[in-house]
Every structure is written in structure tokens, then in C-alpha cells.
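The values are calculated or read from the model by the stated rules, or taken from the named source; none is laboratory data. Just so it is clear, the structure is predicted and the values come from calculations on it, not from any experiment. Positions of Cβ are generated from backbone atoms using ideal geometry, with glycine treated the same way; all protein chains shown enter the neighbour counts. What goes into the accessible areas is simple: the full protein's heavy atoms, side chains included, and nothing from ligands, DNA or RNA. Shrake-Rupley method; radii C 1.70, N 1.55, O 1.52, S 1.80 Å.
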Amino acid sequence: MPQLSERLRNYIARVASLVDGYIYARVYGEPEDLYNAALHLIRAGGKRLRPVIVVAVAEALGEEAEKALPFAASVELVHNFTLIHDDIMDRDEFRRGVPTVHKLWGEPLAITAGDLLYAKAFETLIDARGRGVPAERVARAVQVLARASSTIAEGQAMDIMFEEEEEVDIEDYLKMIHKKTGALFEASAVLGGLVATDNEDILASLASYGKSLGIAFQIRDDILGIIGDEKELGKPVGSDIRKGKKTLPIIYALSRLEGEAREKLFSVLGNNEATRKELEEAARLIRESGAIDYAEKLASRYSEQALSALRVLPQNEYREMLEELASFAVSRTR
């Protein structure tokens, strides 16, 4: 992650090591294939931004990282559960530069592996009692993660239904990505807060931070899906176009293009047989519509909202790293 400061890179590596160790110590059993499938994407790497948010918020509020690990691990488990199921629905064959779970183990076992991670996430949340988090705050955390999980399902359903619609409103798109992506970022920030406090004003501001950060992060994902580098992303660029996904750049381009250009983009959207050349032409039309510039400006606006919400935290190095994450969300290349 070349855009990040050395301090934040080191912090992410430390949190990732702690969280991964915590997960590996708890997600094991038989049949072995099930657990290997469940842990496959975690072992492949990933940014670990959600658990980093949990731990950084807790440390910003004066708690030790180890106390936050059950909550941090739980959000990473839910995230990977959603990735496994998303890859099945999208028929994606690569994630994080490795074959997807269903590609290696088949769809039935992949679905089961995702279900296992979801169950383990809530088991892990309860472990926080043994780390000194009061029972009432653990119960609140269970409620927060359960609500986020159901919200993610709503967002995924909206995303699926958008593929069948010719026109999608930008406001509906923003609602969808808040649900599908922003909800777990929001939960991560609130869970980090619950490690340390039950102050409602602090928790509400943390929710705002996570929600805005998640929306900015997803908009950047949509941008990279059009203009990103495949080697950096670890998945094919142009797959959103091929699948007919209504991402922000695509929605914007469709609202601006006219005549032959619009028809050409429509002819490639959702066309599984589209050639590499056709996908590149569609991406060119999207860029020329001004969609990438528009999306980048909107992502920056949400990043600024996230930064503003962090004023509720004490000024310390952990708050500074959370601020850097908000900036990174809109500048990352993978």
C-alpha cells in the first residue's frame, strides 16, 4: 500500500497479525476441507481495514488493542463471509490474486464455509467478555453486528436488482452502497467505540465516520473497476461492465451519454461475451462522459465527512491514523 505512511503501514501489519492469529486460534475443526475453504481468503491477505478501524478507535479512546481483538476479528469474519457469497453470485473466479473459494471447493461447500464464518463471528463477539468488556456493551455489539449483517443483505439484494433495471438513480445507488459496504464500516467504528464507552454522542459520531468512510471506499472501488490495474487489484478490470453492474461511473455515464455512444455502452453492459476490446471501448466512453471525475469528487466529499466526524475523539496518534485511512480510501489503487 504505497500511499500509506510507514507508521500506518506498520500499524495495519501489527493489527492484521493480531487479528489473524486470533482468528486462526478459533476457526478450526473438522471436516478439514470446510475450515480450509472458510479461511482461504483470509490466508490470501486483504487490507484488514475493518478490524484496523475497530482497534484504532478503541486505542484512540484509551483501551489496549488486545481488548478489542474479539470485536475486530468478528467484523473480519463477517466481511469474508460476504466475499465468499458475493463471489458465488457474481461467478468471480479470482479474489486477492487467488482462485475464489467456490472455484476451488465447489459452490455447496463454499456456501457452507461462508455460513461457518458468519456463525464464528458471533461466537467471537461473545469472547469480549473474557477481555474485560462489560456484558451490556457486548450485548450491544451483538445487536450492532446483527443489524449490519441484515443491512448488508438488503444492499446486496438492491445491487442484484439494479442489474435488471435500465435506469438507476444516484440516490438509490448511494443508499445501496451504504447498505452493502458502508454498514460494516459503520459497525466496525461503533464496535471499536463499544470496547471503551457507551457514550451515545461518541458512538453516533463513530457511526457517521464509518458510514462515510465506507461509502467513499465503495465509490473508489467502482472507479478502480473501470480504470484500475488488474495486477494490483487481483481481479479483472471491466468485470462490472461485463456483469451489467450499476456502479456510480456507469450510472453517471448512462445519464450523460447520448445517441450512438449510449447505445454502444448499453450493448456491452451485462454482455458476458463482450471482448476485451469492447470492454476497453466501454471504459473509454465512461471516462469521456466525465463519470470518473464526478465519482472522485463525490468520494472526496464523503471522505471529508468522515474526517469531520473524528473530531469527537481525543487528538492522538490513533485518531491521526483513522484520519489517514479516510484519505487513503479515496486515493488507493487497489
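So that you can scan it fast, the table gives a plain yes or no per residue for (1) more than 17 Å from Ala141 (Cα to Cα); (2) outside any helix (DSSP H, G or I); (3) without any contact (Cβ under 8 Å) to a residue 60 or more places away in the chain:
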{"site": "Ala38", "(1), (2), (3)": "yes, no, no"}
{"site": "Leu41", "(1), (2), (3)": "yes, no, no"}
{"site": "Gly45", "(1), (2), (3)": "yes, yes, yes"}
{"site": "Val55", "(1), (2), (3)": "no, no, no"}
{"site": "Ala58", "(1), (2), (3)": "no, no, no"}
{"site": "Lys67", "(1), (2), (3)": "no, no, no"}
{"site": "Phe71", "(1), (2), (3)": "no, no, no"}
{"site": "Ser74", "(1), (2), (3)": "no, no, no"}
{"site": "Val78", "(1), (2), (3)": "no, no, no"}
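Does Lys120 satisfy the condition of being of a type in the set (Lys, Arg), out of contact with any His (no Cβ under 6 Å at 6 or more places or on another chain), in a helix (DSSP H, G or I) and open to solvent by 40 Å² or more (accessible area, probe 1.4 Å)? The answer is no for Lys120. Tell me, please, whether a residue that is over 20 Å from Glu76 (Cβ atoms) and not hydroxyl-bearing (Ser, Thr, Tyr) can be found in the stretch 181-195. The answer is no; no qualifying residue exists. Keeping to the stretch 76-117, report how many residues are open to solvent by 40 Å² or more (accessible area, probe 1.4 Å) and touching a Ser or Thr at 6+ places or on another chain (Cβ under 7 Å). Total satisfying the criteria: 2. Which members of the stretch 87-103 meet the condition of being in a loop (DSSP other than H, G, I, E, B), under 17 Å from the mean Cα position of the chain (by Cα) and within 20 Å of Asp159 (Cα to Cα)? Of everything in the stretch 87-103, just one residue is in a loop (DSSP other than H, G, I, E, B), under 17 Å from the mean Cα position of the chain (by Cα) and within 20 Å of Asp159 (Cα to Cα), namely Asp92. Considering (1) within 18 Å of Phe328 (Cβ to Cβ); (2) in a helix (DSSP H, G or I); (3) at pLDDT below 95; (4) not basic (Lys, Arg), the lone condition that Gln3 does not fulfil carries the number (2). Do we have Ala73 as over 25 Å from Val190 (Cβ atoms), aliphatic (A, V, I, L, M) and either at pLDDT 95 or above or surrounded by 14 or more Cβ atoms within 10 Å (Cβ to Cβ) (or both) here? Spelling it out, it is not the case that Ala73 is over 25 Å from Val190 (Cβ atoms), aliphatic (A, V, I, L, M) and either at pLDDT 95 or above or surrounded by 14 or more Cβ atoms within 10 Å (Cβ to Cβ) (or both). Take the conditions (1) in a helix (DSSP H, G or I); (2) open to solvent by 20 Å² or more (accessible area, probe 1.4 Å); Glu166 misses just one of them, which is (1). When the stretch 49-70 is limited to residues that are surrounded by fewer than 24 Cβ atoms within 10 Å (Cβ to Cβ) and among the small types (Gly, Ala, Ser), the one that is farthest from Arg332 (Cα to Cα) turns out to be Gly62.
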